[in-house]
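The values are calculated or read from the model by the stated rules, or taken from the named source; none is laboratory data. A quick note: this is a predicted structure, and the numbers were derived from the prediction, not measured. Because the Cβ atoms are built from the backbone with ideal geometry, glycine has one as well, and the counts that use them run over all protein chains shown. For the accessible areas, the whole protein counts, side chains as well, though only heavy atoms, and no ligand, DNA or RNA atoms are used. Shrake-Rupley method; radii C 1.70, N 1.55, O 1.52, S 1.80 Å.
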Amino acid sequence: MNFEIQKLSLAHAIQAQSDALIVLWPSQTVPNALGHDPLTRWVATAIENGDFELKAGSLMMLYCQPGIAPRHLVVVCSADNKAEQIRSAVQAAWGALKSAKVKHLNLHVVGDATPQGLQLALSSLADASYSYTTTLSKPKTRLLKQVFVSAENSTPALENAVRHAQALVSGVELAKEWANRPANYATPTHLAQAAKDIAKGKAFKCEVLGPKDVAKLGMGAFMAVAQGSAEPLRFIVMRYNGALATQAPVVLVGKGITFDTGGISIKPAPEMDEMKYDMGGAASVLGVFKALSHLKPAINVVGLIPATENMPDGLAVKPGDVVTSMSGQTIEILNTDAEGRLVLCDALTYAERFKPQAVIDIATLTGACVIALGAVRTGLFSSDDALALQLHQAGESSGDTCWRMPLDDDYAEGLKSRFADVANVAGRAAGSVTAAKFLQRFTQKFSWAHLDIAGTAWRSGAAKGATGRPVGLLLQYLTQLAASAQPSVSAKPRRTATGKTVPSANRAAPQPKARAARKA
Ligand code: BES
Ligand code: MN
Ligand code: ZN
């Protein structure tokens, strides 16, 4: 999908060829019945006759009208052109065009639009027109190919928003694609290949570790989850170096359970197919890297993906087994279905070697988080208030929202074990918090946040499908950080979409020496 933007008056916008034109009309802009273009005159007449009110969501359609080049025209009131209003106006207009065959869409903004609103609108158009096709024998190809934005007052900030939207959508759609693929089309090996393909560019590196490498590192918790599967595990290490090597990276850790049966603590059959989405965290890391390859912000980012299936088998790990994690802590695996925290804890220990400025893990970790927050907000857990605030704000401004949850030490009581340093489950109460408390034990050496996306990574039911969340949140966080950090390696000054800056928690730290490439 391709986005472009140009400065145009309304009179010119209606003469530009396309299948459909959506005009966003703010409440404050009262049309003049003597307007120079036919559209302004029609809107004025409709208002005069009481057929079109200048309030949010009011909508009017025209078809094949003289003086208007596109076949379909939708005029929609976008109230005061605030971000959320622009998004919902565009959504309503696109809904009205449902049965129209729109390949090329023009979107015209009357008056000033907030860049953030335009970005939201474009990504929601992409979302509404997306469809998964990979494993269909007769794929219906996507109709909407191009959105051409025109604005009377096109500004550099708006142009930047379009550039961001383009990168964001490519990242979100890559994340959706990998999350939607069935587990037999998205094995750990497939994910590793996808990571390598994304990391082909100049500023990128990708290293893939296999079972022997992971054993050498002592990742006993990760290995325990993988030991019941016929598919070999993969530990994927991606790097993006957009800033000087002296700048400490942000590490993203994505849970990559390509299928979660629960293992010996097996899950019930209904909806078990949805556990193909248990690599949604990994998919979001791949998506972020894809977006970084478009935007090339001045920042260093590491992506870590522990990828494996969780299967029951004669060799599978059993409830009560004790394993030794890479950190040296022993873990009593009381429930083999609490496998996400087991693969993540070793990846978190691995993250220490990057001397990161922050580590963020992203995981479809607990059903309890779905109970707590539903499909609206991602669960945010962090021991660092500044990091939590930055992530919360990135969620608000990208529309990919999250909500902070507590981490009081009292919640860790239930994780005590008589047979190991820690158990992998506590009781039923506050399940998303006790999972986060387990992870926190492995994060003492850096600033850390955990995003539980169990409720937000995919939709169930008739509209079943991946959402691509939280690529939007993470990309917003990273680009804001880049804007507020030290000068980039390429000396060009960079703009941000909003021009806002966030307090930087940067501590310059030396990069670890490059390690010899390893393979399975
Ligand atoms: N992948 C699941 C979490 C999940 C379940 C996400 C349903 C979305 C929908 C995770 O591995 C899991 O099974 N967690 C258990 C933990 C429990 C055994 C403590 C859960 O949430 O039931
Ligand atoms: Mn599980
Ligand atoms: Zn899981």
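How much FRET efficiency would the formula 1/(1 + (r/R0)^6) give for E271 and N335, where r is the Cβ-Cβ distance and R0 is 25 Å, rounded to 0.05?
Details: r = 19 Å, r/R0 = 0.74.
About 0.85, to the nearest 0.05.
Express in % the proportion of alpha carbon pairs of segment 122-164 at distances exceeding 15 Å. Write down the numbers at each step before the final one.
Values: 513 of 903 pairs.
The calculated P(r) of segment 122-164 puts 57 percent of pairs beyond 15 Å.
Based on alpha-carbon atoms, the Kirkwood radius and the radius of gyration of segment 41-148 give Rg/Rh equal to 1.01.
Calculate what fraction, in whole %, of the accessible area of segment 181-248 sits on carbon and sulfur atoms when a 1.4 Å probe is rolled over the protein chains.
Details: 1560 of 2750 Å².
In segment 181-248, the share of accessible area belonging to carbon and sulfur is 57 percent.
Rounded to the nearest 10 square angstrom, K103 shows an accessible area of 100 square angstrom against a 1.4 Å probe.
For the pair segment 279-349 / segment 54-80, the C-alpha centres are spaced 49 Å from each other. Counting only protein chain heavy atoms and rolling a 1.4 Å probe, the accessible areas of C402, C206 rank, largest first, as C206, C402.
Bridgeable aspartates and glutamates around K202 (alpha carbons under 12 Å apart, same-chain partners fewer than 8 residues away excluded) are absent.
Hey, what angle do you get for helix 83-96 against the long axis of the chain, alpha-carbon based, 0 to 90 degrees rounded to 10? Relative to the chain, helix 83-96 is tipped by roughly 70 degrees. Principal-axis analysis of the Cα atoms of the chain puts helix 156-180 at an angle of about 50° to the longest axis.
Classify segment 184-251 as rounded, prolate or oblate, taking a ≥ b ≥ c as the square roots of the eigenvalues of its Cα gyration tensor: rounded when a/c is under 1.5, otherwise prolate if a/b is larger than b/c and oblate if not.
Working: a/c = 3.21, a/b = 1.61, b/c = 2.00.
The shape class here is oblate.
Per-residue SASA remark: T189, around 60 Å² accessible (1.4 Å probe; ligands, DNA and RNA not included).
Taking 2.2 N^0.38 Å as the expected size of a compact globular protein, what ratio does the Cα radius of gyration of segment 239-396 give against it, to two decimals? Before the final figure, lay out each step's value.
Details: Rg = 16.9 Å, N = 158, 2.2 N^0.38 = 15.1 Å.
Cα Rg divided by the expected 2.2 N^0.38 Å: 1.12.
A crude spin-label estimate for the pair E396 and T45, with each label 7 Å from Cα along the Cβ direction, gives 4.5 nm.
How much length would be gained if the chain were fully extended between S383 and K205, taking 0.36 nm per residue of separation minus their Cα-Cα distance, in nm to one decimal?
Numbers: separation 178, 0.36 × 178 = 64.08 nm, distance 2.98 nm.
So the chain would gain 61.1 nm between S383 and K205.
Which percent of the Cα-Cα distances in the chain go past 36 Å? Could the numbers behind the result be given before it?
Values: 47188 of 134940 pairs.
Value for the chain (Cα pairs over 36 Å): 35 percent.
Label separation (A462 vs Y185): 2.4 nm, computed from points 7 Å beyond Cα along the C-beta direction. Straight-line cross-link reach from K416 at under 18 Å between alpha-carbon atoms covers these lysines, not counting any fewer than eight positions away in the same chain: K437.
For M61 and A245, compute 0.36 nm times the residue count separating them, minus their Cα-Cα distance, and round to one decimal in nm.
Working: separation 184, 0.36 × 184 = 66.24 nm, distance 5.46 nm.
Between M61 and A245, full extension yields 60.8 nm more.
Relative to the longest principal Cα axis of the chain, at what angle does helix 115-129 sit, 0 to 90 degrees, rounded to 10? The helix 115-129 is inclined about 80 degrees to the chain.
By DSSP, what percent of the beta bridges with both residues in the chain are antiparallel, rounded to the nearest 5? Present the calculation step by step, with values, prior to reporting the outcome.
On the way: 29 of 75 bridges.
Antiparallel bridges make up about 40 percent of those DSSP assigns within the chain.
Just to be sure I understand: if I project the alpha-carbon convex hull of segment 117-188 onto a plane and average over all orientations, what area do I get in nm²? The orientation-averaged projected area of the Cα hull of segment 117-188 comes to 5.9 nm². Note that segment 333-407, at 4 °C in a medium of 1.567 mPa s, gets a Stokes-Einstein diffusion coefficient of 93 µm²/s from its Kirkwood radius over C-alpha pairs.
How do W448, W42, W178 stack up against each other in accessible area, from largest to smallest, with a 1.4 angstrom probe? Don't skip to the answer; put the middle values down first.
Numbers: W448 0, W42 85, W178 25 Å².
Ranked from most to least accessible, the order is W42, W178, W448.
List the aspartates and glutamates whose alpha-carbon lies under 17 Å from that of K205, not counting same-chain residues fewer than 8 positions away? Partners found: D197.
For segment 18-153, the number of Lys pairs with C-alpha atoms closer than 22 Å, counting only pairs eight or more positions apart or on separate chains, is 10.
Could you provide, to the nearest whole Å², the per residue accessible area of the chain with probe 1.4 Å? Please report the intermediate quantities before stating the final value.
Values: 21380 Å² over 520 residues.
Using a 1.4 Å probe on heavy atoms only, each residue of the chain averages 41 Å².
Ligands, DNA and RNA excluded, the heavy atoms of Y63 present near 130 Å² of accessible surface to a 1.4 Å solvent probe.
So what is the orientation-averaged projected area of segment 143-243, using the convex hull of its C-alpha atoms, in nm²?
Numbers: hull surface 40.0 nm².
Directional mean of the projected Cα hull area for segment 143-243 stands at 10.0 nm².
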